[in-house]
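Q: Below is a structure I'd like to ask you about.
Rule-based calculations on the coordinates, nothing more; no lab input. Treat the numbers as computed from the prediction; the structure is a model and nothing was measured. FYI the Cβ positions are ideal-geometry reconstructions off the backbone, even for glycines, and counts take in every protein chain you see.
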Amino acid sequence: MTSSRIQNRPLATLVLLAAVTGLLAAGAAAADEPPRVTLAETYDGDVDLTEYWVSEKYDGVRGYWDGEHLLTRGGVRVDPPDWFTAGWPDTALDGELWTARGDFARVSGIVRAHEAGDAAWRDVSYRVFDLPDHPGPFDARVPAIRAVIARIDQPWVVAIDQFRVADGRALDAALDAVLARGGEGLMLHRGGARYHAGRSDDLLKLKPYADAEAKVVGINPGAGRLDGLMGSLDVVTPDGREFAIGSGFTDEQRADPPPIGSWITYRHNGETANGLPRFARFLRRRPGGPPPEIAAEADTRGAPDD
């Protein structure tokens, strides 16, 4: 097992990893400029709910149709079969590539694979939640989304259900219903907001926990039952806060932990008095590296690297 800062892998392993990395790079999809998308803030209860549309938050891969190509949020071109996007409009769609609740790892693998094949893509749906090129507020975009999806007329292209709630009690009931079905949470979209890039309270996410991203900077060995496995990861947030995450991992993930330099998503319940995430637990590795906005900040002010 490694120390908290150094991975002592055999030379043959490193050579194999380098070869695999080269093959992956050779087969990777083309990368475009990341699309300028609307991003969500966290719902804190301090908004007029009558101004918002509510929908389920689907835990898939963000898919942006630019009128010609399907892109991830990071600007990587997705390579679905031709039939998947046949007949889509020449204007932008914003949505989620999704298979099922609790199935993020599988859909992520399908979307990011080069030529995943028809059989895998038959299980993927494209759940559209916005029209970036539409000039009107979200109140007008909701019926426009439904009209566009009706014209596409493909069963795997779905307009996400948007509904209203009267108050906080109704919102809590809607969240409970989604969680009971194995869902992740809710999205709230201000009806009067026009589509724009970046974060604001025009788009809010509501989940029973918070999540965030961090970079792996160390791997610590386990003890006792975890002897021979990873015990915890040392991670650092984009703003430089360092802490360890030791829960939320399966034994398979502990046997093959995210490597130093990779990015992960973790859950937490608020922050401690010292400003560190409270009850931080591993959620998943980010296969595409840091979120695009974090990568962009790194270009201008530097991100934690060591």
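Q: Give me the distance in nm between label points sitting 7 Å out from Cα along the Cα-to-Cβ direction at D90 and R194, one decimal.
A: 2.4
Q: Once the Cα gyration tensor of the chain is found, what semi-axes does its equivalent ellipsoid get, as square roots of 5 times the eigenvalues, in whole Å, sorted largest first? Kindly include the intermediate steps, with their values, before the conclusion.
A: Working: eigenvalues 234, 126, 62 Å².
Square roots of five times the eigenvalues give 34, 25, 18 Å.
Q: Identify which of T250, T85, T38 has the largest mean-square fluctuation in a Gaussian network model of the chain, with springs joining Cα atoms closer than 10 Å.
A: Highest fluctuation among the options: T250.
Q: Which residues make up the longest stretch of the chain that has no GluC sites (Glu not before Pro) in a DSSP loop with at most 14 other Cβ atoms within 10 Å?
A: Working: sites that count: E68, E115.
Longest site-free region, per DSSP loop and neighbour criteria: 116-306.
Q: How much length is gained if the chain between D239 and Q253 is pulled fully straight, taking 0.36 nm per residue apart and subtracting their Cα-Cα distance, in nm to one decimal?
A: On the way: separation 14, 0.36 × 14 = 5.04 nm, distance 2.62 nm.
Contour length minus Cα-Cα distance gives 2.4 nm.
Q: Moving on. Taking the Cα atoms of segment 38-206, what is the range of coordinates along each of the three principal axes, in descending order and whole Å?
A: Projected onto the principal axes, the Cα atoms of segment 38-206 cover 45, 35, 27 Å.
Q: Picking from G275, G109, G231, which is most flexible by a Gaussian network model of the chain using Cα springs under 10 Å?
A: G275
Q: Then there's this: Mean projection of the alpha-carbon convex hull of segment 209-301 over all orientations, in nm²? Let's see the in-between values first.
A: Details: hull surface 25.3 nm².
Result: 6.3 nm².
Q: Against the longest alpha carbon principal axis of the chain, how many degrees, from 0 to 90 and to the nearest 10, is the axis of helix 292-301 turned?
A: It is inclined by approximately 60 degrees.
Q: With n ≥ 4 as the cut-off for DSSP H runs, can you work out [θ] at 222 nm for the chain, using -39500 (n - 2.57) per run divided by the number of residues, rounded to the nearest 500?
A: Working: 8 runs with 77 residues, N = 306.
Computed ellipticity for the chain at 222 nm equals -7500 deg cm²/dmol.
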